[in-house]
Amino acid sequence: MRVHVADHPLITHKLTVLRDKDTPSPVFRSLVQELMTLLAYEGTRGVRVEPVDIVTPVAPTTGVRIADPKPLIVPILRAGLGMLDGMVTLLPSAEVGFLGMARDEETLEPTTYAERLPEDLSNRQCFVLDPMLATGGSLTAAIEFLFARGAVDVTAICILAAPEGLAAVEEALHGREVTVVLGALDERLNEHGFIVPGLGDAGDRLYGTV
């Protein structure tokens, strides 16, 4: 598993505002989209392309375009939805699927409650969006779900991660073609399974408590 922490002053600056408990939801949502575009730039370095011949106003040349089959973007509901616009801004030709996963607050184990994905993901590159990599259970389950349908490589893009969760994902997906791109790697998990210092519950801060 490849891990890339996007160490950039703009990302750190935006993360600082995002972490602040007094940042209101509209600003929080806007910052998540901005951060996602920056992280998507890092996360798509390995996106598959194919050559294409074009003619500029000056001369013929050869460039590249996104190869078929198109990449699949998979936000994990509900918090991953807040990252979707930033991703499709950078990769508008990609297709979008959805995976609904929830964490049991007692056992911290993930459950899948909804999915809207192609049945066959053979030869597909997939990009999973999940703001918080905490215990790693939901992200691991989501990635295994995609590989079970035939995906060939998966890139997970997360705003924050805890070392414990990152280690759990790496252990569970050993030998798989997986890349994890992070805005920051935080200190630890607390006894409730939350990232410290973190930013709280991303879904609640994006959309309000339900």
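Against the numbered list (1) without any contact (Cβ under 8 Å) to a residue 12 or more places away in the chain; (2) among the acidic types (Asp, Glu); (3) in contact with a strand residue (DSSP E or B) (Cβ under 9 Å, 6 or more places away or on another chain), residue 22 comes up short only at (3).
When restricted to residues that are of a type outside the set (D, E, K, R), closer than 21 Å to residue 194 by Cβ and surrounded by 15 or more Cβ atoms within 10 Å (Cβ to Cβ), segment 18-35 contains 6.
With 159, 195, 143 as the choices, which residue is crowded, with 20+ Cβ neighbours inside 10 Å and in contact with a Pro (Cβ under 9 Å, 6 or more places away or on another chain)?
Working: 195 fails: in contact with a Pro (Cβ under 9 Å, 6 or more places away or on another chain); 143 fails: in contact with a Pro (Cβ under 9 Å, 6 or more places away or on another chain).
Going through 159, 195, 143 in turn, just one is crowded, with 20+ Cβ neighbours inside 10 Å and in contact with a Pro (Cβ under 9 Å, 6 or more places away or on another chain): 159.
If you filter segment 36-53 down to residues that are of a type in the set (Val, Ile, Thr) and surrounded by fewer than 14 Cβ atoms within 10 Å (Cβ to Cβ), you find that the one that is farthest from residue 169 (Cα to Cα) is 52. Residues of segment 162-192 that are charged (D, E, K, R), open to solvent by 20 Å² or more (accessible area, probe 1.4 Å) and farther than 15 Å from residue 137 by Cβ: 176, 177, 187, 188, 191. Taking strands (runs of 3 or more DSSP E) as the structural unit, those lying wholly within segment 65-134 and holding at least 2 residues that are over 23 Å from residue 26 (Cα atoms), of a type in the set (D, E, K, R) and touching a residue at least 12 places away in the same chain (Cβ under 8 Å) correspond to 110-116.
Residues in segment 25-38 that are under 18 Å from residue 74 (Cα atoms) and either of a type in the set (S, T, N, Q) or at pLDDT 95 or above (or both): how many? Counting residues in segment 25-38 that are under 18 Å from residue 74 (Cα atoms) and either of a type in the set (S, T, N, Q) or at pLDDT 95 or above (or both) gives 2.
Only one of 110, 131 is over 23 Å from residue 12 (Cβ atoms) and in contact with a strand residue (DSSP E or B) (Cβ under 6 Å, 6 or more places away or on another chain). Can you tell me which?
The match here is 110.
Scanning segment 150-164 for residues that are under 13 Å from residue 69 (Cβ atoms) and either out of contact with any strand residue (DSSP E or B) (no Cβ under 9 Å at 6 or more places or on another chain) or part of a loop (DSSP other than H, G, I, E, B) (or both) gives 150, 151, 152.
When the residues of segment 168-210 are narrowed to those that are acidic (Asp, Glu) and part of a loop (DSSP other than H, G, I, E, B), which ends up nearest to residue 1 (Cα to Cα)? Working first, answer last.
Quick first cut of segment 168-210, residues acidic (Asp, Glu) only: 170-171, 177, 186-187, 191, 201, 204.
Checking the rest, the ones that are also part of a loop (DSSP other than H, G, I, E, B) come to 177, 186-187, 191, 201.
On the way: 177: 7, 186: 19, 187: 20, 191: 27, 201: 26 Å.
Residue satisfying both the conditions and the ranking: 177.
Among residues of segment 135-163 that are within 27 Å of residue 15 (Cβ to Cβ) and in contact (Cβ under 8 Å) with a residue 12 or more places away in the chain, those with a beta-carbon under 7 Å from a residue that is among the hydroxyl-bearing types (Ser, Thr, Tyr) and surrounded by fewer than 24 Cβ atoms within 10 Å (Cβ to Cβ) at least six positions away or on a different chain give the pairs 141/112; 155/179. Of the residues examined, residue 6 is not one that is at negative phi, open to solvent by less than 60 Å² (accessible area, probe 1.4 Å) and over 20 Å from the mean Cα position of the chain (by Cα). For residue 146, are the conditions met, namely being within 14 Å of the chain's Cα centre (by Cα), outside any loop (DSSP other than H, G, I, E, B) and modelled with pLDDT under 95? In short, yes. For segment 62-71, the condition of being under 15 Å from the mean Cα position of the chain (by Cα) and under 30 Å from residue 115 (Cα atoms) holds for at least one residue.
The values are calculated or read from the model by the stated rules, or taken from the named source; none is laboratory data. Please read these numbers as outputs of a predicted model, since none were measured by experiment. Every residue, glycine as well, gets a Cβ built from its backbone with ideal geometry; the counts of neighbours run over all protein chains shown. Side chains included, ligands, DNA and RNA excluded: accessible areas come from the protein's heavy atoms. Shrake-Rupley method; radii C 1.70, N 1.55, O 1.52, S 1.80 Å.
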